1. Pick from 35, 130, 109 the residue whose mean-square fluctuation is largest in a GNM of the chain, springs joining Cα atoms under 10 Å.
2. Just to be sure I understand: with springs between alpha-carbon atoms less than 10 Å apart, which residue in 114, 32, 69 has the highest mean-square fluctuation in the Gaussian network model of the chain?
3. Mean-square fluctuation check for the chain, GNM, Cα pairs under 10 Å: which of 138, 103, 119 is largest?
4. Under a 5 Å amide H to amide H cut-off, with H placed in plane at 1.01 Å, what residues pair with residue 104 once short-range neighbours are removed?
5. What is the helix-to-structure angle for 20-70, meaning the angle in degrees between its Cα long axis and the longest Cα principal axis of the chain, kept from 0 to 90 and rounded to the nearest 10?
6. Any chance you could run the full-extension gain for residue 40 through residue 125? It's 0.36 nm times the residue separation minus the Cα-Cα distance, nm to one decimal.
7. Once R0 is set to 41 Å, what does the formula 1/(1 + (r/R0)^6) return for the Cβ-Cβ distance between residue 33 and residue 76, expressed as a FRET efficiency to the nearest 0.05?
8. Cα gyration tensor of region 91-144, axes a ≥ b ≥ c as square roots of the eigenvalues: rounded (a/c below 1.5), prolate (a/b > b/c) or oblate?
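Here, each number is a calculation from the coordinates, and none is a lab measurement. Owing to the predicted nature of the structure, the values given are computational and were not obtained by experimental measurement. Every residue, glycine among them, receives a Cβ derived from its backbone with ideal geometry; neighbour counts consider all protein chains shown.
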Amino acid sequence: MIMNTHKLQNLNRLQHQGGAALAVSLILLIIITLLSVSAMRSTNLDTKVSVNHQFKEASFQAAESALGIVTGPSPVVQVPTTPTSPPTTNANYFSSSGVTNQADLSADLIMTYIGPSRAYKVSGFRPNALTHEYQADAIGTVDQSGTRTQNSMRLLLIRN
């Protein structure tokens, strides 16, 4: 008889549980789901930021390449001849076909004539050599991304 009373007490205890374990586990499952969704969104945002940064760097490098070509040993560039001339655009002055899974790069070079000057002293030339000063603006782009970067520099054309 003692055994039967003990079994009855255990049975009563089991019947009085109201499903607290189920409620707690559902709440924990909801919290874990919300944390997972938040982490996925954060990862997607970080990926977009890094891709945009890569495009910006690529367009910057395209513009720098154009300026590197124009300051190189034998540039081929159209330049305006007078300060009143409109700027001359050298379209696709630099272009690079992208490798597999990468976009193509290009850069336009815009040359603006500022004017003649004898104010500059250039090594290897007579002290008051006539120089022609230009503003070179290179605009680098990454195809299919809409990314554009503009780099500028002043250039001198020296006439003996």
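1. Between 35, 130, 109, it is 35 that shows the largest mean-square fluctuation.
2. 32
3. 119
4. 98, 143
5. Tilt of helix 20-70: around 10 degrees.
6. 24.3 nm
7. Details: r = 62 Å, r/R0 = 1.50.
So the FRET efficiency works out to roughly 0.10.
8. Prolate shape, in that a/c is at least 1.5 and a/b is the bigger ratio.
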